[in-house]
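First comes the structure, then the notes that go with it.
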Amino acid sequence: MAARKIQVLAFVGAPAAGKTEAASIAAELGIPVVTMGDEVRKELRKRGLPQNDKNTGRVATELRAMEGRDAIAKRCIPYINAIDTKVVLVEGIRGIAEVETFKKEFGDEFLLVNIEAPLEVRYERIKSRGREDDLLSLEEFKKREAREKGWGMGDAMKIASRIIKNESTIEEFKEELKKFLQQYKNTKK
């Protein structure tokens with residue numbers, strides 16, 4: 001019996017570039033979403049820690065130190081494989097080790113997409129989105145981005161097979177994402 005093939009669309013991008021918005025659009029189109037950050041938030045709850053940028057960053061770094069730089073990816077693979085679907089979106093790649101782990105698991109069915117947006121635009125978005133771990137000054141936001149790049153996020157962004165720019169209106173971004181995602185939803189049935 002041949003192994004079941006699943007198309008994995010994985011989104012990488014700097015904080016507040018639009019990955020969560022892209023995941024919402026995928027969900028609206030009926031594409032299942034696995035959010036890598038949920039694994040870190042689950043660990044925060046397990047440890048009884050409040051969700052804020054400091055704790056989130058510390059726990060994510062500890063998990064990578066204890067379990068390998070691909071720790072979050074390894075934790076997500078069972079969820080991806082358990083979904084009865086032909087296509088799934090993975091939101092929140094943070095490093096090259098995660099990309100390599102997903103490529104090893106899903107081969108040619110893994111597609112890395114970089115969502116790009118300028119720093120100033122991303123900072124304005126992060127201030128308005130209201131997540132507990134987003135209450136940051138511009139300097140703290142820059143430190144968060146540097147921390148994530150330290151996990152290999154910049155390298156992952158560089159090797160993405162596709163780039164989607166998120167520099168204009170939210171409506172234009174949503175429209176471009178819908179066109180991109182629809183081709184997988186329609187052709188991978």
* Return the subset of Lys46/Lys127; Lys19/Lys143; Lys104/Lys165; Lys46/Lys142 for which the Cα-Cα distance in this structure is over 25 Å, preserving the input order. => Lys46/Lys127; Lys104/Lys165; Lys46/Lys142
* **Only Lys, Arg (+1) and Asp, Glu (-1) charged, at Cβ; region 7-187 dipole about Cα centre in debye** => 400 debye
* To do: Using the charge dipole of the chain (Lys, Arg: +1 at Cβ; Asp, Glu: -1 at Cβ; taken about the Cα centre), state which of Ala16, Ala160, Ser137 has its Cα farthest towards the positive end.
  => Ala160
* To do: With r as the distance between the Cβ atoms of Ala146 and Asp108 and R0 = 45 Å, compute the FRET efficiency 1/(1 + (r/R0)^6) and round to 0.05.
  => 0.85
* Structure fact -> Checked the chain against the a/c 1.5 cut and the a/b vs b/c comparison, axes a ≥ b ≥ c from its Cα gyration tensor; verdict oblate
* For Arg125, Arg58, what ranking results if the residue with the fewest other Cβ atoms within 10 Å of its Cβ goes first? -> Arg58, Arg125
* Asked: How far apart, in nm, are two points set 7 Å out from the Cα along the Cα-to-Cβ line at Leu49 and at Arg162?
  -> 3.4 nm
* **Ellipticity estimate at 222 nm from DSSP helix runs (n ≥ 4, -39,500 (n - 2.57)) divided over the chain, nearest 500** => -17500 deg cm²/dmol
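Values in this text are rule-based calculations from the coordinates and carry no lab data. If you're wondering where the values come from, they're calculated on a predicted model, not measured in any experiment. Positions of Cβ are backbone-derived with ideal geometry, glycine not excepted, and every protein chain shown enters the neighbour counts.
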